Amino acid sequence: MMKKYCVKIFGCQMNYADAERVVSVLKSMGWQHVENLDKADAVFLLTCSVRKKAEDKAFGLLHNLKKWKAKKSGRKVGLTGCMVRETSSQASVKKDALLRKSGVLDFVWRIEDSTELPKLLDFSIPTIFQTRDFFSIKPMRQNPTQVFVPIMTGCNNFCSYCIVPYTRGREISRSEKEILAECKEAVENGAIEITLLGQNVNSYQKTRGAFAKLLAKVTRIPNLKRLRFVSSHPKDFDESVIDMMAEHTNIERHLHLPAQHGDDEILQKMNRGYTTADYLKLLEKFRKKLPEASITTDLIVGFPGESEKNFKNLLNFYRTADFDFAFFSKYSSRPNTTAAKLPDDVDSKLKTKRWHRLNKLMLATAAKKNAKLKNKTLEVLVEKANCHSLEKRDLEKDKRCILEGRSSEFFLVKFEGNENLVGKIVNVKITQPREVELWGEIN
Ligand code: SAM
Ligand code: SF4
Ligand code: F3S
């Protein structure tokens, strides 16, 4: 009988992209995906380690899976992603620490060992996976309209707070040929938008200008409407990418440039390799050539030793940078990182307080900026439809859907419309700009 599985994904887009290759291996073995855990013979977790909370979530799920596993014999639990250090099973001589710690896991595997999955599940390896190259696995797209294509793995930056270089290893760039082939195939299969993924896309092939060249080649793929990329590192982001964006209108008008902090003393302790002045100069150059583009960032509050003065500098930096949106996290000490050797001395209540102060500033800044978008028309790629029936008796007739999607600037736009618009680009006139979302109507 055909085996059934569930996949639980935590963490960033990299994990969502990796899951498409894991699912592809399972499909090649004849396994079938199910949403309902009760119907599954196996559960696979793709985990994240970036903050302790992310790991706690995975441990919480593993705990709940104990009962699920006990209900039916032969059920299996496997885990991959950033929490794994060593591919191993309960039968291995050497076991990953997670296998020893958790009473429910049957095996764990490093994501790059995904071609080993059939072996771990006790199946003979199908011929197509006789290679160990993770990227030779053809991804099974979750959403063929919006596709994520990894251009590199790992990271060499060793920001002092970050676990990623330890979990994902050293930075390795995929070849241009391989990336272009994957992008071309995605567009031929209906992709409207491609996002190129990497922890530091600007250091692609460790050569200045190489990423801009790659961008230029991807933009030329016939019928590709939208191209995005994340994440950019301020120390490596340069004018070649700005010029490329200005030149090619199918590169979206959005830059995600994680600053992480707005105080020079903290930035140095974070080992980020730039100052606030360097960062702001970059923004100036970018805005000069692309005034219509939006800029978003990532910021961490409560890094070890962060004083009220350091934090006020962060608030001032935020005001000067005039970001369109930002993702904030409270510092979480991660094992083996350099910052883990420093005392985690910003009290958790104070971290929360600072998070809220920063969030308040973000919302006020966004509201002010978004107000200027009133009556403007934006091109929105519709991602989702939330449909409610006004009249339960006549579901089809009175169905009212709220559609949502992203504009070129990555603004979240919501409006009323037919659900068959999902996966299409539509013009939406903004009627009610709010803090984090823009409401509008089809134009
Ligand atoms: N490579 C990207 C960069 O350089 O910005 C993103 C890396 S990380 C996967 C995503 C975000 O998690 C980071 O931008 C950072 O804000 C946050 N992060 C990483 N380590 C953290 C930690 N120890 N505590 C809190 N937030 C953290
Ligand atoms: Fe982590 Fe820094 Fe690498 Fe981003 S650049 S993944 S924050 S070490
Ligand atoms: Fe992503 Fe989390 Fe790993 S943010 S790279 S899944 S540690």
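Here, each number is a calculation from the coordinates, and none is a lab measurement. Fair warning: this is a prediction, and the values are worked out from it, not measured in the lab. Note that we place each Cβ from the backbone using ideal geometry, even for glycine, and neighbour counts take in every protein chain shown.
Values computed for the structure shown
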| read-out | value |
| --- | --- |
| Residue list for the stretch 317-348, given a label point 7 angstrom along the Cα-to-Cβ vector of GLN268 and an amide N cut-off under 14 Å | none |
| Centroid-to-centroid separation of the stretch 1-25 and the stretch 362-391 [C-alpha atoms, Å] | 31 Å |
| Whole-angstrom gap from the stretch 201-234 to the stretch 263-286, using each part's C-alpha centre | 23 Å |
| Cβ-based exposure ranking for LEU412, LEU227, in which fewest neighbours within 10 Å come first | LEU412, LEU227 |
| Max mean-square fluctuation residue, GNM over the chain, Cα-Cα springs under 10 Å, options ASP122, ASP263, ASP345 | ASP122 |
| Most fluctuating residue given options LYS309, LYS206, LYS289, as computed from a GNM of the chain linking Cα atoms under 10 Å | LYS309 |
| Residue with peak Gaussian network fluctuation, the chain [Cα springs, cutoff 10 Å], from GLU306, GLU404, GLU35 | GLU35 |
| Helical segments meeting 24 Å axial Cα length and Kyte-Doolittle -1.0 threshold in the chain (DSSP H) | 348-371 |
| For the chain, size of Cβ-based charge dipole, Lys and Arg +1, Asp and Glu -1, in debye | 980 debye |
| Hypothetical label at ALA210: residues of the stretch 166-182 whose amide nitrogen lies under 12 Å (7 Å Cα-Cβ projection) | 171-177 |
| Rg ratio (alpha-carbon, reference 2.2 N^0.38 Å) - the stretch 4-134 | 0.98 |
| Computed over the stretch 73-215, Cα set: Rg, Dmax in Å | 17.4, 55 |
| Under 19 Å from the Cα of LYS368 - aspartates and glutamates, other chains or at least 8 residues apart | GLU292, ASP322, ASP324, GLU409, GLU435, GLU437 |
| Nitroxide proxy distance, nm - points 7 Å out along Cα→Cβ at LEU280 and ASP38 | 5.9 nm |
| Cross-link pairs LYS235/LYS341; LYS8/LYS424; LYS69/LYS138; LYS39/LYS72 - those with Cα-Cα distance over 20 Å | LYS235/LYS341; LYS8/LYS424; LYS69/LYS138 |
| The stretch 80-126 and the stretch 148-166: distance between their alpha carbon centers, rounded to Å | 22 Å |
| Inter-label distance for ALA70 and LYS225, nm, one decimal - labels placed 7 Å from Cα along Cα-to-Cβ | 5.1 nm |
| Whichever aspartates and glutamates have a C-alpha closer than 16 Å to that of LYS349, once near sequence neighbours (fewer than 8 apart) are set aside | GLU306, GLU308 |
| Per residue Cα convex hull volume in Å³ - calculated over the stretch 143-229 | 91 Å³ |
| Where Rh is the Kirkwood radius over Cα pairs, Rg/Rh for the chain | 0.97 |
